[in-house]
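Enquirer: Take this structure first; my questions come after.
The values are calculated or read from the model by the stated rules, or taken from the named source; none is laboratory data. Being a predicted model, the structure only gives us computed values, none of them experimental. Reconstructed Cβ throughout: ideal geometry from the backbone, glycine too, with neighbour counts over all protein chains shown. Calculation scope for accessible area: heavy atoms of the full protein, side chains included, ligands and nucleic acids excluded. Shrake-Rupley method; radii C 1.70, N 1.55, O 1.52, S 1.80 Å.
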Protein chains: 2
Amino acid sequence: MTYRTPVAEISFALRHVAGLDAAIASGAHGDLTMEDADAILQEAGRVADAVIAPLNPVGDRQGARLADGAVTTSPGWREAYRTWIEGGWNGLSAEADHGGQGLPLLLNAACSEMWNAGSISFALCPLLTAGGIEALAKHGSDDLKERYLGKLISGEWTATMNLTEPQAGSDLSLLRSRAEPAGDGTYRIVGSKIYITYGEHDLTDNIVHLVLARLKDAPAGTRGISLFLVPKFLPDTSRNDLRCSGLEHKLGIHGSPTCSMAFGDNGGATGWLIGEENRGLACMFTMMNSARLNVGLQGVGVAERSYQQALAYARDRRQGKAAGSSDPVSPIVDHADVQRMLLTMKAYTAAARGICYLTAQALDAARGAEGKAGLDRASLLTPVAKAFSTDIANEVTSLGVQVHGGMGFVEETGAAQHMRDARILAIYEGTNGIQAIDLVARKLPLNGGATVRAQLASMRRVAEAVQKDATPAFGHLGPRLRAGIESLDRATSYLLKALASNRPEEAQAGATPYLRLFGLAQGATCLALAALASNAALKTGETDPAHGARIALARFFAENLLTAAGGLEQSVVDGGGFTQDGMLALAG
Amino acid sequence: MTYRTPVAEISFALRHVAGLDAAIASGAHGDLTMEDADAILQEAGRVADAVIAPLNPVGDRQGARLADGAVTTSPGWREAYRTWIEGGWNGLSAEADHGGQGLPLLLNAACSEMWNAGSISFALCPLLTAGGIEALAKHGSDDLKERYLGKLISGEWTATMNLTEPQAGSDLSLLRSRAEPAGDGTYRIVGSKIYITYGEHDLTDNIVHLVLARLKDAPAGTRGISLFLVPKFLPDTSRNDLRCSGLEHKLGIHGSPTCSMAFGDNGGATGWLIGEENRGLACMFTMMNSARLNVGLQGVGVAERSYQQALAYARDRRQGKAAGSSDPVSPIVDHADVQRMLLTMKAYTAAARGICYLTAQALDAARGAEGKAGLDRASLLTPVAKAFSTDIANEVTSLGVQVHGGMGFVEETGAAQHMRDARILAIYEGTNGIQAIDLVARKLPLNGGATVRAQLASMRRVAEAVQKDATPAFGHLGPRLRAGIESLDRATSYLLKALASNRPEEAQAGATPYLRLFGLAQGATCLALAALASNAALKTGETDPAHGARIALARFFAENLLTAAGGLEQSVVDGGGFTQDGMLALAG
């Protein structure tokens, strides 16, 4: 069950899939060198392996506990958190004003993957803090920033997001929590929230809650929601009027306390407005790209960990004689069907990693020279990064159980934990169905379709390079990649037309298979980029076996997983008939 | 969370997919009438809903417990088991000689689905007993049959299968348990077994263990394994030398005790040989078709239950405005993407049900006029029934969680239990990878390929009927079904050729996508049969809305799920390159 961060693989993807070295060379990241970046990755990998990864089974067996309103995290978590923030990891890509290191988001994304491979439950806490930092940095008053930003960036305090209420999950327009001006510039907040990750814990002295609530006489729906900062302890060190009223008993991520929160039992919790009144949802949206990307990276992390564990087991466990083997009992990794499972795990994980890194790269570009075009690209890729990575995390972790056979179903093995933990990822931070609708209904129309067309063009350039290269080891990679991109292109045109013709239900009906198709084509493109770079390295005489592995992996993905593209296109283009008669089929 | 057995749907599938009424009309089932069969289904449904279904959450929360070598089942289980066997359900399709009711296996399959929808954990106990009955009836001496068969058929005693040992899972050639003749016709059995379902429990006074062990000087490998009957209590009522040494802590099916068993701590447990010495594996193989079919039915049952729960939730939960709705907040079932999830659940479940029933029908046919051809057909369909049904059970129960959103991740909702419970099905009774290899390497070559060709021809006849019918409501059902069957045909030819050309690793590499392709084409054929029957009924003026639902469901399956067929064919036919370089890709 030892886990080791694949630092070399991550570094390779940063360079050759997401172009980090080119960005550095162009001066986009100041005086950062690729050597600096690699040193950071090495050290992050060491911390993930040595400090965080061992927490994961502990958190599962002895989850966070609530007693007398206080939540105790699992054994060892306080110490690990302390070590982790002392390493400066929390503020890696935060801007320098309040103590951040101002490093590329892309580098932070790679580190985020590592923390999550170590333990999703542990890494969730800083993931929420990062969202708080972003909202505050963009929309907070100077006074609020002065008071909270430094401590959040250092990790001395953590942040939470209080959105969901029992009647308001995917649909925030239904939320009921109330806020009233107190007359002194603060507000009194009253309401109940559920599913609040790390809403209460013992890792830090204070917790900064970001809470969505309605002002009296605010417009109905989402345009009447405001965002408030509501700290557990007030500036005068007194306790605010809020408490954790319960912990959920969950399928997974037991180490992460999922709290019900009660605000204002005694008249109202004191809060400060972030941004403008009734513009709270807009404040939330500004941090949505990076929060969703981070959930995608959780998927990549847990998938990588599940893969490593399954591979180690398959190399160790001996059953049956593999075809062509001279040994009467082979390690199960020698059996073709087990290889298929392991390659599927590895290939999906690498593809999702590539998509997430491309998204982070676009966010960096948006901060820099590219500006809005970068932001639009990030907006397009974000739902794919979130949903594809977490869908494959469910599949990969389930395969991880399957490779273990009966042992996989026994909890002590640990394979099942990854599957249970991963299951939340497709649900929170916008369900994957919502991601798909976001992709189709909001992102495809960006700039009249020009953003998605540009992305398709960038994929085609890679497919052309593969076909030009024509290395025999690529197998059918070239034609399959080309076919997958063409399927995506046609499905895109179909959906844009459906939207333009005011047939939104048709576009929504095809959204989920479309997002999968996008993920497969974009993911295959990422693997092809890595394969091309490895092939070039082999031609210059490099002998690292990882090069051959990347070529073989890209080929496997194209020949065995991207093959789904044509069928997905068909489902998008003429599978939507059920919106007319679907209710009929469910009625029977 | 109320569950209701879909009796009418099951009855319709028995008639129109598996031809039960035709078989009855032909006299194949003696004086049984379809009215009798429907009365039995009604009553079984009532028992499943009222007696078994309520046990399921109880078994999950308070699983079976071991203390001082004794296993206590969950609260209410003893009473429910008593009620169930008193209803005569255990011996429904057992032959009449020892108290069975001699009813069609097809009818028993339908009931088995119901028990498993009620509770997999509960239904597992009789599932194992059924295997014991079959082995004993076919291979036991008259004396053993006289002593045990009646009590197993009535359910007064239960049976277990003791195959697995820590080093011997999928590969039984490695097993080490020993047996020695005692000189009095009995044997002394010594060894440790793991993963023994209901190896110890308090539902009955005695437990009849069927144990695989090696005689001294037996040939190595699978040809040196013998099967023994080893009762917990000996005929003289003394306790046999065997005990439950531990219970597994599992991901799911907590109500079903999974035991480690120690045989012969004090010199040797007393056992009786079943069949001939060294022919134990052959004895096991004779019951493999029905045991594997029963696991497939477990998949159908849990998928049906998960679907019903998700549908009820989706009708109740209101979030967001559905496209085209005038209501500002719609039940989520009105959203196209949620409909897609629910239809996928329902369509996969119905397809798997059809495949399982067809397999049971073939087993009935093998008992009757068709003989070997029926048995060969059952042998061909069995790995598909087992693996496809349990693969889709994993997918359907995961979708069941997804439909619930955040609520799905909270254990109290119950949706997650179905997912956890279902996860074992693809593993036990031969992993689904082993089913796929069995299908490709052993079943396709049956009768030189004639068995699979006949099955393809039977699918084509249905596709032709659909195309001839040309009802507009069928949408693309006809062409998609045709295309799916042709993909299956080409993939079949490819694999038969690979086998004939002594390229077993290529056949094994393609086995899993091939089985999926087979399941999709066969499943779509089953749904098309139901749709054709419903369409015919509509033409005669029937107004049951279930008819329209079946047509819409077949169409959805063809347009949205069977669309994967072409890609699967591609993966089978030219995705096997990884057997040459797969190890390379994993090495990196």
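Enquirer: Which number do you get for Rg(Cα) / (2.2 N^0.38 Å) in chain B?
Expert: 0.97
Enquirer: With θ set to phi - 60° and the Karplus curve 6.51 cos²θ - 1.76 cosθ + 1.60, what are the ³J(HN,Hα) couplings of the stretch B:141-157 in order, to the nearest whole Hz, using x for Gly and Pro?
Expert: Working through the residues one at a time gives 5, 4, 4, 4, 4, 4, 7, 10, 5, x, 6, 6, 5, 6, x, 4, 10 Hz.
Enquirer: Another question about this same structure. Given R₀ = 22 Å, what would the calculated FRET efficiency be for residue A:583 paired with residue B:412, taking r from the Cβ atoms and rounding to 0.05?
Expert: So the FRET efficiency works out to roughly 0.15.
Enquirer: Just to confirm the filter: which GluC sites (Glu not before Pro) across the stretch B:505-583 are DSSP coil and have at most 14 other Cβ within 10 angstrom of their Cβ?
Expert: Passing both the DSSP loop test and the Cβ count: B:542.
Enquirer: In nm, to one decimal, how far is the residue B:266 label point from the residue A:35 one, both placed 7 Å along Cα→Cβ?
Expert: Computed distance between label sites residue B:266 and residue A:35 equals 7.5 nm.
Enquirer: Among the lysines, select those whose C-alpha is under 24 Å from the C-alpha of residue B:468, and discard any that sit fewer than 8 residues away in the same chain.
Expert: Filter leaves B:539.
Enquirer: I've got another one for you. Place a label point 7 angstrom from the Cα of residue B:315 along the Cα-to-Cβ direction, then list the residues of the stretch B:49-72 whose backbone nitrogen is under 18 Å away.
Expert: B:49
Enquirer: At 7 Å along Cα-to-Cβ for each site, give me the label-to-label distance between residue A:78 and residue B:461 in nm.
Expert: Simple spin-label model gives 7.4 nm for this pair.
Enquirer: Of A:138/A:193; A:346/B:497; A:372/A:497; B:443/B:497, which pairs sit farther than 19 Å apart, going by alpha carbon to alpha carbon?
Expert: The answer is A:138/A:193; A:346/B:497; A:372/A:497.
Enquirer: Quick one: if the Förster radius is 51 Å, what FRET efficiency do residue B:50 and residue A:4 give, using the C-beta to C-beta distance and rounding to 0.05?
Expert: So the FRET efficiency works out to roughly 0.45.
Enquirer: Given H placed on each backbone N at 1.01 Å, which residues far from residue B:250 in sequence or on other chains put an amide H within less than 5 Å of it?
Expert: Residues meeting the amide H criterion: A:411.
Enquirer: Would you grab the residues whose amide H sits under 5 Å from the one on residue B:162? Only those 5+ places off in sequence or on another chain, please, with H modelled 1.01 Å from N.
Expert: B:210, B:211, B:212
Enquirer: Would you work out if the stretch B:7-154 is rounded, prolate or oblate? Take a ≥ b ≥ c from the square roots of the eigenvalues of the alpha-carbon gyration tensor; rounded if a/c is under 1.5, else prolate when a/b is larger than b/c, oblate otherwise.
Expert: Oblate.
Enquirer: On a full-extension model of 0.36 nm per residue, what is the gain between residue A:471 and residue A:277, subtracting their alpha-carbon distance, rounded to one decimal in nm?
Expert: 63.9 nm
Enquirer: What are the semi-axes of the equivalent ellipsoid for the protein assembly as shown, taken as the square roots of 5 times the Cα gyration tensor eigenvalues, largest first, in whole Å?
Expert: Three semi-axes, in Å: 49, 33, 31.
Enquirer: 7 Å along Cα→Cβ for the label point: how many nanometres lie between residue B:4 and each equivalent label in the other copies, listed shortest first?
Expert: Label point to label point, same position, other copies: 5.8 nm.
Enquirer: Please label the shape of the stretch A:80-154 as rounded, prolate or oblate, based on the square roots a ≥ b ≥ c of the eigenvalues of the alpha-carbon gyration tensor (a/c under 1.5 means rounded; beyond that, a/b larger than b/c means prolate, else oblate).
Expert: Prolate, because a/c is 1.5 or more and a/b exceeds b/c.
Enquirer: Let me ask something else. So, R0 is 56 Å and r is the distance between the beta-carbons of residue A:21 and residue B:22; what FRET efficiency does that work out to, to 0.05?
Expert: Computed FRET efficiency for residue A:21 and residue B:22 comes out at 0.20.
Enquirer: If you don't mind, another one. Over the alpha carbons of the stretch B:105-250, what is the largest minus smallest coordinate on each principal axis, giving the biggest first in Å?
Expert: Taking the Cα atoms of the stretch B:105-250, the three principal extents are 46, 34, 29 Å.
Enquirer: Still on this structure, please answer the following. How large is the charge dipole for the stretch B:303-387, taken about the Cα centre, if only the Cβ atoms of Lys, Arg (+1) and Asp, Glu (-1) carry charge, to the nearest 20 debye?
Expert: The calculated dipole for the stretch B:303-387 is roughly 120 debye.
Enquirer: On to the next question. Measure of size requested: the Rg and Dmax of the stretch A:219-359, with Cα atoms as the atom set and Å as the unit; please supply both.
Expert: 24.8, 77
Enquirer: In sequence order, what are the phi-derived ³J(HN,Hα) couplings for the stretch B:166-175 according to the Karplus relation 6.51 cos²θ - 1.76 cosθ + 1.60 with θ = phi - 60°, rounded to whole Hz, with x for glycine and proline?
Expert: In residue order, the calculated couplings are x, 8, 10, x, 5, 10, 6, 4, 8, 6 Hz.
Enquirer: Write down the radius of gyration of the stretch A:451-588 and its Dmax, each obtained from C-alpha positions, in Å.
Expert: My reading of the Cα-based Rg and Dmax gives 17.9, 65 Å.
Enquirer: Sticking with this structure for a sec: To the nearest whole number, what is the average tally of beta carbon atoms from other chains within 10 Å of the beta carbons of peptide A:409-415?
Expert: Per residue, the number of nearby Cβ atoms from other chains is 4 on average.
Enquirer: Hey, for residue B:536 with labels 7 Å out along Cα-Cβ, what do the inter-copy distances come to in nm, ordered shortest first?
Expert: Residue B:536 label point versus its equivalents elsewhere: 6.5 nm.
Enquirer: Name the helices (complete DSSP H segments) of chain A with a Cα length along the long axis of 30 Å or more and a Kyte-Doolittle mean of at least -1.0, or state none.
Expert: Once both thresholds are applied, what remains is A:288-316, A:336-367, A:372-403, A:477-500, A:511-539.
Enquirer: Right, another one. Are there GluC sites (Glu not before Pro) in the stretch B:380-427 that DSSP marks as loop and that have at most 16 other Cβ atoms within 10 Å, and which are they?
Expert: In loop regions of the stretch B:380-427 (DSSP not H, G, I, E or B), there are no sparsely surrounded GluC sites (Glu not before Pro).
Enquirer: Right, next: If we restrict to alpha carbons, what Rg and Dmax does the stretch B:1-63 come to, in Å?
Expert: For the stretch B:1-63, the Cα-based Rg and Dmax read 15.3, 48 Å.
Enquirer: Sticking with this one: Please compute the length gained on full extension between residue B:543 and residue B:205, using 0.36 nm multiplied by the number of residues separating them and subtracting their Cα-Cα distance.
Expert: Once the chain is fully extended between residue B:543 and residue B:205, it gains 116.5 nm.
Enquirer: Quick one: order B:97, B:391, B:364 from most to least accessible surface, probe 1.4 Å.
Expert: B:97, B:391, B:364
Enquirer: Output the direction-averaged projected area (hull surface divided by four) of the convex hull of the alpha-carbon atoms of the stretch A:121-190, in nm².
Expert: Value for the stretch A:121-190: 6.2 nm².
Enquirer: Can you give the charge dipole size of the stretch A:7-154 about its Cα centre, rounded to the nearest 20 debye, using +1 on the beta carbon of Lys and Arg and -1 on the beta carbon of Asp and Glu?
Expert: Magnitude of the dipole: close to 540 debye.
Enquirer: If each of residue A:327 and residue B:536 carries a label point 7 Å out from its Cα toward its Cβ, how far apart are those two points in nm?
Expert: With each label point 7 Å from Cα toward Cβ, the separation is 5.7 nm.
Enquirer: Taking amide H atoms as placed 1.01 Å from N in the peptide plane, list the residues 5 or more away in sequence, or in a different chain, whose amide H sits under 5 Å from that of residue B:103.
Expert: Residues meeting the amide H criterion: B:93, B:94.
Enquirer: Now, a different point. For the protein assembly as shown, give the magnitude of the charge dipole about the Cα centre (Cβ charges: +1 Lys/Arg, -1 Asp/Glu; no others), in debye to the nearest 20.
Expert: The dipole magnitude comes to about 1560 debye.
Enquirer: Also, I was wondering about something else. Aspartates and glutamates within cross-link reach of residue B:216: Cα-Cα under 15 Å, excluding same-chain residues under 8 positions apart?
Expert: B:180, B:276, B:277
Enquirer: Follow-up. What does the copy distance list look like for residue A:142, label position 7 Å along Cα→Cβ, in nm and ordered from shortest?
Expert: Result for residue A:142, in nm, nearest copy first: 10.4.
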